Amino acid sequence: MDRTGSRPHSASPKPVTSPLQSSLSGFALLVTLGSLAGCASTGDSLPSGQGGAVVHAAMQVKPAAFRAAPSSSPRDAALRSPLYRTSRIAKMKCEMPRLEDGNWGSMRRYMQTVSGCLDRVWAKQFAKMHKSYKAPKRYFLKARINVAACGGTMPQAGAYGTYCPDNKTYYVLAESRTWASRNGMWAAHLVAHEHGHYIQDLAGILDYADELQANAATEDESVLAENRSEDQAGCFAAAALQATRDTLPSWSKFMAMYKREKDLKAYGAWLDRGFSSGRPGSCNTWTAPSKNIG
Ligand SMILES: [Zn+2]
């Protein structure tokens with residue numbers, strides 16, 4: 001696998017509720033990419049772009065402008081990102097559609113609305129650094145699809161979401177077992193986590209994750225680098241979601257589910273950190289002791 005920036009970053013938000021741990025349902029229908037075009041907007045003042053992308057046209061600039069300055073090494077970008085110095089993410093009004101049990105359309109609209117809100121949240125945060133923000137592309141799917149540009153199936157097998165740096169796109173799976181109103185925060189967190197990987201990419205941080213993994217002498221080192229990246233995506237997700245917490249389901253109930261899973265304890269701690277601080281600066285997993293990473 002190409003280790004120089006094209007490694008897709010899968011969701012670590014491993015499903016935590018028992019209904020979500022079940023195997024994929026066999027009858028899931030493939031939502032074609034084309035059919036998503038025009039459905040991306042959820043009425044929250046966000047225009048729908050082609051292929052399901054939601055784009056703030058006024059904020060579009062050439063990709064090079066988003067990246068860390070050329071003089072900044074990937075290590076600098078990860079350890080000393082200017083993003084860490086931005087102030088707490090301010091509260092933002094975000095009207096969420098109702099989630100209906102067993103209704104795929106309502107889950108897709110919910111995820112689309114969350115992702116649209118995240119664009120607004122992160123655009124404001126990037127503006128604090130005098131940097132432009134361009135929305136990533138995103139797809140909310142009933143079943144995995146093959147994406148040649150990302151080297152295979154998206155989301156990756158075993159993950160509910162994967163961010164693919166090669167096409168600046170994230171893919172989130174919403175299969176039938178997840179279409180339940182009780183899964184609102186789980187779904188929001190999943191979308192925000194993948195969005196978090198995109199933010200890492202914009203900030204140049206993902207390059208460092210890939211560099212560390214490529215140079216890892218042992219499997220443990222490689223896993224540690226990957227977990228630092230996953231924990232940070234979760235922390236960014238939580239920091240962004242706290243901005244829209246008034247219209248989202250209970251965070252504490254969601255976290256209670258998470259904390260029942262022993263192997264997600266470290267990740268859960270980063271979620272807590274991001275949500276309670278609302279500051280990207282609380283998400284510097286790259287300088288944290290390895291015992292806090294998982
Ligand atoms: Zn991830």
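Any read-out appearing in this document is the output of simple, stated calculations on the displayed coordinates, not a laboratory observation. Only a predicted model underlies this, so the values are computations on that prediction, with no experimental measurement involved. Glycine gets a Cβ as well: all are built from the backbone with ideal geometry, and neighbour counts include every protein chain shown.
Structure values in brief
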| quantity | calculated |
| --- | --- |
| Dipole of segment 184-294, positive direction: furthest Cα of Leu202, Ile293, His189, with charges on the beta-carbon | His189 |
| Relative exposure of Tyr170, Tyr258, judged by other C-beta atoms within 10 Å (fewest first) | Tyr258, Tyr170 |
| Residue order, fewest to most surrounding Cβ atoms within 10 angstrom, among Asp263, Asp207 | Asp263, Asp207 |
| Amide H partners (placed H, <5 Å) of Tyr139, local residues excluded | Tyr170, Tyr171, Val172 |
| Proxy reagent accessibility, fewest Cβ within 10 Å first, across Lys137, Lys93, Lys262 | Lys262, Lys93, Lys137 |
| Calculated FRET efficiency for the pair Asn146/Asn103, C-beta based, R₀ 25 Å, to 0.05 | 0.40 |
| Mean Cα-pair separation over length for segment 138-294, i.e. relative contact order, pairs under 8 Å, 6 or more apart, % | 19 |
| Dipole magnitude (debye, nearest 20) for segment 128-196, charges at Cβ of Lys, Arg, Asp, Glu | 240 |
| Relative packing of 240-250, 124-134, which averages over residues the other C-beta atoms within 10 Å, highest first | 240-250, 124-134 |
